[in-house]
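Before any comments, here is the structure.
The values are calculated or read from the model by the stated rules, or taken from the named source; none is laboratory data. Keep in mind that what you see is a predicted model, and the values were worked out from it rather than measured. Reconstructed Cβ throughout: ideal geometry from the backbone, glycine too, with neighbour counts over all protein chains shown.
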Amino acid sequence: MATDTRLRRRPIVPDSQLSAELFEFLRELRKNNNREWFLANKAYYESVVRDPLLRFIAEVGPRLRTISRHFQDGSMFRIYRDIRFSRDKSPYKTHAAAHFPHAASNRDVHAPGFYLHLEPRHCFAAAGLWHPDATTLEKVRERIAHRPGAWQAVLRRRLPIEGDRLSRPPRGYDPTHPHIEDLKLKDFITRVTFSDAAVCSPRFPAVFVRACRTMSPLTEFLTKALNLDYSTGGKSAPAHSE
């Protein structure tokens with residue numbers, strides 16, 4: 001007789017509030033990362049992870065409009081992993097995530113955005129550019145090199161700038177430039193961490209938006225480096241799952 005592996009509890013929380021059951025599901029998924037278990041618990045995934053996160057995205061989207069109307073288009077990352085070129089053949093991600101890219105972002109334009117990562121004991125909001133293409137990266141480096149005052153204004157906010165970096169100065173840049181270590185960066189990311197309990201609080205939408213506002217000097221600098229608009233005001237777009 002087959003064992004019933006379905007998770008049974010249901011959260012009793014407001015529609016747009018993320019719950020402890022979200023983290024319970026992700027912990028169980030890490031232990032049972034296989035198609036049979038996921039299909040047996042797909043309805044539970046939809047009720048405690050997918051649907052609440054989509055409602056969360058729809059709620060915070062209009063609030064992000066107060067930072068810039070161009071960061072209004074929220075979407076949720078799919079839970080299915082791309083395993084075509086990976087040694088790890090686990091079919092599912094063990095975290096949930098959403099992003100709010102600049103409206104100009106598409107397959108041809110690598111634009112800054114905000115990001116939310118939900119994983120047991122590893123939750124954070126992030127902002128910036130991750131693995132930008134060569135053309136985008138060069139534009140950012142040029143603005144740092146030629147507008148050092150604007151870059152210094154970002155650094156004065158004490159935002160931790162993370163990312164891979166070159167071991168040597170990029171070609172064509174003065175190795176004595178005051179921001180040469182930042183010019184070596186290949187990513188431009190900053191982030192704010194949250195506890196699991198904070199994520200499950202009814203105040204988390206406001207907390208997340210406040211974190212995005214804290215990180216916004218970096219997104220503004222990067223957006224202007226790419227000659228994209230950063231003005232405020234406008235209407236929001238509906239949330240969707242990628």
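Checking each residue in segment 142-159 for being part of a loop (DSSP other than H, G, I, E, B), surrounded by 14 or more Cβ atoms within 10 Å (Cβ to Cβ) and out of contact with any strand residue (DSSP E or B) (no Cβ under 9 Å at 6 or more places or on another chain) picks out only Arg147.
Only one entry in Arg191, Arg210 is part of a strand (DSSP E or B), among the basic types (Lys, Arg) and under 19 Å from the mean Cα position of the chain (by Cα), namely Arg191.
Within the option set Ala43, Ala103, being outside any strand (DSSP E or B) and either under 17 Å from the mean Cα position of the chain (by Cα) or modelled with pLDDT under 95 (or both) holds for one residue only, Ala103. Filtering segment 45-74 to residues that are hydroxyl-bearing (Ser, Thr, Tyr), within 23 Å of Ala20 (Cβ to Cβ) and surrounded by fewer than 20 Cβ atoms within 10 Å (Cβ to Cβ) leaves only Ser47.
Residues in segment 31-44 that are surrounded by 15 or more Cβ atoms within 10 Å (Cβ to Cβ) and of a type in the set (A, V, I, L, M): Ala40 alone.
In the condition set (1) aliphatic (A, V, I, L, M); (2) farther than 23 Å from His70 by Cα; (3) over 17 Å from the mean Cα position of the chain (by Cα), Leu137 is compliant with all but (2).
Number of residues in segment 194-207 that are of a type in the set (A, V, I, L, M, F, W, C), assigned to a helix (DSSP H, G or I) and in contact (Cβ under 8 Å) with a residue 40 or more places away in the chain: the value is 4.
Inclusion of Arg35 among residues that are modelled with pLDDT under 95 and of a type in the set (Lys, Arg) is not warranted.
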